[in-house]
Amino acid sequence: MATILIGGGTGLIGQQLSKLLTDRKHSVRLLSRSTSDKNQYPVFKWDVIAGQIDEDALDGIDYIINLAGAGIADKAWTDKRKKLIIDSRVKGNELLVETLKRRNQKVKAFISSSAVGYYGDRGDEKLPESAAPGNDGFLSESCMLWEASARKAVPVCNRLVIIRTGVVLSTKGGALEKMLIPFYFGMSNYFGDGTAYMPWIHIDDIARLFIKAVEEEKMEGTFNGVAPESVTGKEMAIAIKKAKDSFALVMPVPEFALKITMGERVTMLTNSNNVIPKETMAAGFNYEHPDLILALKDILKEKK
């Protein structure tokens, strides 16, 4: 079995990915800003901004998966925060690439996360992997820089894979965790007029897609990490209500109210990305949770 180094492995996707990789008898190592956290996997310290990494982490590895990046929704998008969001992604990939080059080391695959924010605000336009990037804001700009840094890994890997992740459904973090809060007040909310598309994927399926990128030697290029079923924000709110099987008024949160509290970050909620996983399905990826309501029921029942 393979030895896999995961940057950002202590995050939402990284935790589930590590578990599923271990279930498949792979050996997992994590890169983290702190090694003090209790973890069942070997943790090696790195500081992306300072350009520092414990090179012992790279000894004998077969694959690198880099999920690392500062939380995009956590704080207001000041100029300083925007720089950190970009640098934490770009410099992470660059640090790994430069370290491999210095060690004259090559991995079987370099797998980098990206996001569907790459496409910008595109209404109901269908967006396969070949669609052009957006040109309308920070999300698309940051994703383009992120992916450009990943492409620098071509000389140090046999295969480069970039996975543009959508909204990851999980009760342990991310958008769904926040969307469940209004249910305490008898509401299920959507944002703006509810017509913006919200590409989503079950936490297990996104982890399994990264695993396929490791195990499938023919998998190379860019893939949309989203479910085949596209839904709007309003449809998502209705689906959550049905999955919970509880009383809730499906109500909008006006865009002006969102702008007051979130500022420029509102684009994360109101941008429309009708993303199609064309190359993902062409690669033979088998979704375990392609149906939204059934996926939500599974997550809520199993507390994933």
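Among beta bridges from DSSP that stay inside region 40-178, the antiparallel ones total about 15%. Average accessible surface for the chain: 47 Å² per residue, computed with a 1.4 Å probe over protein heavy atoms with every protein chain in place. Summarising the amide proton neighbourhood of Gly120: residues at separation of 5 or more, or on other chains, whose placed amide H is nearer than 5 Å comprise Gly134, Ser140.
Less than 5 angstrom separates the built amide H of Ile276 from those of Leu127, all sequence-distant by 5 or more or on a different chain. Bridgeable aspartates and glutamates around Lys297 (alpha carbons under 17 Å apart, same-chain partners fewer than 8 residues away excluded): Glu177, Asp204, Asp205, Glu229, Glu235, Asp245, Glu288.
Could you name the lysines whose alpha carbon sits less than 16 Å from that of Lys212, not counting residues in the same chain fewer than 8 places away? Straight-line reach from Lys212, under 16 Å: Lys19, Lys25, Lys108, Lys278. Take the Cα radius of gyration of the chain and divide it by 2.2 N^0.38 Å, N being the number of residues; the result is 0.98.
Each label was represented as a point 7 Å from its Cα along the Cα-to-Cβ direction; for Asp74 and Ala50 these points are 1.7 nm apart.
Quick check on the chain: of the DSSP beta bridges with both residues there, what percent are antiparallel, nearest 5%? Percent antiparallel among DSSP bridges in the chain is about 5.
Backbone amide hydrogens, once placed in the peptide plane, bring Val28 within less than 5 Å of Ile4, excluding anything fewer than 5 places away on its chain. First check a/c for region 64-143, with a ≥ b ≥ c the square roots of the eigenvalues of its C-alpha gyration tensor; if it is under 1.5, answer rounded, and if not, answer prolate when a/b is larger than b/c or oblate otherwise. It is oblate, given that a/c is not under 1.5 and a/b is not larger than b/c. Of the accessible area of the chain, with the probe set at 1.4 angstrom, what percent is carbon plus sulfur? Exposed carbon and sulfur together represent 51 percent of the surface.
Once a ≥ b ≥ c are taken as the square roots of the eigenvalues of the Cα gyration tensor of region 196-304, is the result rounded (a/c under 1.5), prolate (a/b larger than b/c) or oblate (a/b not larger than b/c)? Oblate. Ranked by the mean number of other Cβ atoms within 10 Å of their residues, highest first, the peptides 105-118, 21-34 fall in the order 105-118, 21-34. Protection proxy ranking, highest mean first, for peptides 296-302, 169-175: 169-175, 296-302, where packing is the per-residue count of other beta-carbon atoms within 10 Å, averaged. Put a plus charge on the Cβ of each Lys and Arg, a minus charge on the Cβ of each Asp and Glu, and nothing anywhere else: the dipole of the chain about its Cα centre is then about 560 debye. Under 16 Å Cα to Cα from Lys259, which lysines show up? Leave out anything in the same chain fewer than 8 places away. Excluding near neighbours in sequence, the set is Lys75. Of the GluC sites (Glu not before Pro) found in region 177-219, those in coil by DSSP whose Cβ has at most 12 other Cβ atoms within 10 Å are Glu217.
Sorting the segments 205-214, 249-258, 286-295 by their mean number of nearby beta carbons within 10 angstrom, highest to lowest, gives 205-214, 286-295, 249-258.
The values are calculated or read from the model by the stated rules, or taken from the named source; none is laboratory data. Worth saying up front: this structure is predicted, and the values here are computed from it rather than measured. Reconstructed Cβ throughout: ideal geometry from the backbone, glycine too, with neighbour counts over all protein chains shown. Calculation scope for accessible area: heavy atoms of the full protein, side chains included, ligands and nucleic acids excluded. Shrake-Rupley method; radii C 1.70, N 1.55, O 1.52, S 1.80 Å.
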